[in-house]
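The values are calculated or read from the model by the stated rules, or taken from the named source; none is laboratory data. In this text the structure is predicted, and so the values were computed from the model without any measurement. We place every Cβ from the backbone using ideal geometry, glycine too, and count neighbours over all the protein chains shown. Areas reflect the complete protein model, heavy atoms only, side chains present, ligands, DNA and RNA absent. Shrake-Rupley method; radii C 1.70, N 1.55, O 1.52, S 1.80 Å.
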Amino acid sequence: MLRFNENNEIIREEDYNGILVGLQLKEDISKSMDELEGLAEAAGITVLGQVIQSLDKPNTATFIGSGKVKEIAEMCENMEADTVIFDSELSGAQLRNLEDAFGVRVIDRTILILDIFAGRATSREGKLQVELAQLKYRLPRLTGFGKSLSRLGGGIGTRGPGEKKLETDRRHIEGRIEDIKEELRKAGKTRSIQRAGREKSGVPVVALVGYTNSGKSAIMNRLLAMSDREDKQVMEKNMLFATLDTSHREIQLESGDRFILIDTVGFVSKLPHSLIEAFKSTLEEVLYADLLVHVVDSSCEDREFQIKVTDKVIGEIGAAGKDKIMAYNKSDLVDELPIDATGSEYVCLSALTGDNIEELIEKITGHIFGDRVNATMLIPYDRGDITSYLCSNARIERMEYENEGTVIEGSFEKSDYMKYSAYVREDI
């Protein structure tokens, strides 16, 4: 079984050699297979080769055809592979049948992603979310997993709940699932209270979203450095799923404006549904953001594919209609900058060198502060309803109590400024 040190670097206890297998039904899966190779390498597996078969539909018993099963079995023996990784989800019966045929461990993309997540989750909530996703995925596959574990012991795909959990009865696992859900519900309530506090303060929220390893954490750290808050920087590393836990940081601009920046978990194609469901409470932070910054690795040849995957996941969590800025990161690694074709506002930048970071800030502030007006108002004491409303909806910088009423100085939505313009004072 793989372990990770405090820097999220893989500590190899064993060397794993794997063969990747994909089933092409209609659409080309070459990009998905290349991504699967990256995921395998992130889990510490040396990829020996890829096998792609074209069929009209999957084989019920073995997913691929019988001829390919024999071919891959021979490859495993000749190449000394100990793991076969499928690009699609397999049923418990398929896992069992394929392991019988190959004589080595068989896992699918979902098991692989869940294993990586299990190794890199650091917070209590993150670990619970991954365990929930693992248990919900494995519950209908107990038969297939049971045989696999009893024969092959530890390894990729066994991190988290572990062998003991999988050998207990279904009721016990279902009970554990309910226990985790309850703990996550409590964590969700805490997050809701924190979110309500941010909303009451009137501080806008900007969420960084994008494909894994596109540079979201690097952009957050660059903005924190510009705010003289290096002590609040988050971990960044050139690897898939380097960070899983959602981070919140306050960004203070030279203008005095401030906003909350959220760094979310990176996306990947065919992200397991069970994982999206488990992380939904965390991803809900995106739903409440005032603006999304979609970070793209401009040096990646498959960036258009990655953009589509991210947009798909954003849609699945109900945030497709959010205001969005496309941030093409890593511009220092390309000779010709990509041209955005999504119709969204965009900027090409480098979090590493700082190029065009100021332009990104300008675009962000244009979105979240563009309709605000700085002013001072004097609200009579008999209009406490207005004072209460402005306290909840304006960004208050100063509040004092004078003989004539309450002085409120701050930044107001343009519509609120026009509505209460009669109370604007310039002599206070």
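With within 29 Å of residue 212 (Cα to Cα) and at pLDDT below 70 as the only criterion, which of 153, 162, 126 stands out? Explain how you work it out, then say what you get.
Working: 153 fails: within 29 Å of residue 212 (Cα to Cα); 126 fails: at pLDDT below 70.
Step by step, each of 153, 162, 126 is checked, and only 162 is within 29 Å of residue 212 (Cα to Cα) and at pLDDT below 70.
Restricting to the range 194-251, name every residue that is modelled with pLDDT of 75 or more, open to solvent by less than 30 Å² (accessible area, probe 1.4 Å) and among the basic types (Lys, Arg).
If the condition is that a residue be modelled with pLDDT of 75 or more, open to solvent by less than 30 Å² (accessible area, probe 1.4 Å) and among the basic types (Lys, Arg), then 216 is the only one that fits.
Across the range 35-55, what is the total count of residues that are more than 16 Å from residue 106 (Cβ to Cβ) and either modelled with pLDDT of 90 or more or among the aliphatic types (A, V, I, L, M) (or both)? Working first, answer last.
Within the range 35-55, the first condition is being more than 16 Å from residue 106 (Cβ to Cβ), and the residues that meet it are 35, 37-38, 41-42, 44, 46, 52, 54-55.
Checking the rest, the ones that are also either modelled with pLDDT of 90 or more or among the aliphatic types (A, V, I, L, M) (or both) come to 37, 42, 46, 52, 54-55.
Within the range 35-55, residues that are more than 16 Å from residue 106 (Cβ to Cβ) and either modelled with pLDDT of 90 or more or among the aliphatic types (A, V, I, L, M) (or both) number 6.
Within the range 272-297, restricting attention to residues that are modelled with pLDDT of 75 or more and part of a loop (DSSP other than H, G, I, E, B), which residue is farthest from residue 251 (Cα to Cα)?
Selected residue: 288.
Return the residues of the range 10-31 that are more than 26 Å from residue 78 (Cβ to Cβ), at pLDDT below 90 and surrounded by 11 or more Cβ atoms within 10 Å (Cβ to Cβ); say none if nothing qualifies.
The first filter runs over the range 10-31 and keeps only residues more than 26 Å from residue 78 (Cβ to Cβ), leaving 10-11, 25-28, 31.
Next, only the ones that are at pLDDT below 90 stay: 10-11, 26-28, 31.
Of everything in the range 10-31, those that are more than 26 Å from residue 78 (Cβ to Cβ), at pLDDT below 90 and surrounded by 11 or more Cβ atoms within 10 Å (Cβ to Cβ) turn out to be 10, 31.
Within the range 78-113, restricting attention to residues that are assigned to a helix (DSSP H, G or I) and without any contact (Cβ under 8 Å) to a residue 24 or more places away in the chain, which residue is nearest to the chain's Cα centre (by Cα)?
Residues of the range 78-113 that are assigned to a helix (DSSP H, G or I), as a first pass: 78-79, 92-102, 109-113.
Remaining after also requiring without any contact (Cβ under 8 Å) to a residue 24 or more places away in the chain: 78, 100.
Values: 78: 39, 100: 36 Å.
Applying the filter and picking the extreme gives 100.
Checking the condition in contact (Cβ under 8 Å) with a residue 40 or more places away in the chain and more than 30 Å from residue 330 (Cα to Cα), which residue from 378, 352 passes?
Within the list 378, 352, the selection yields 378.
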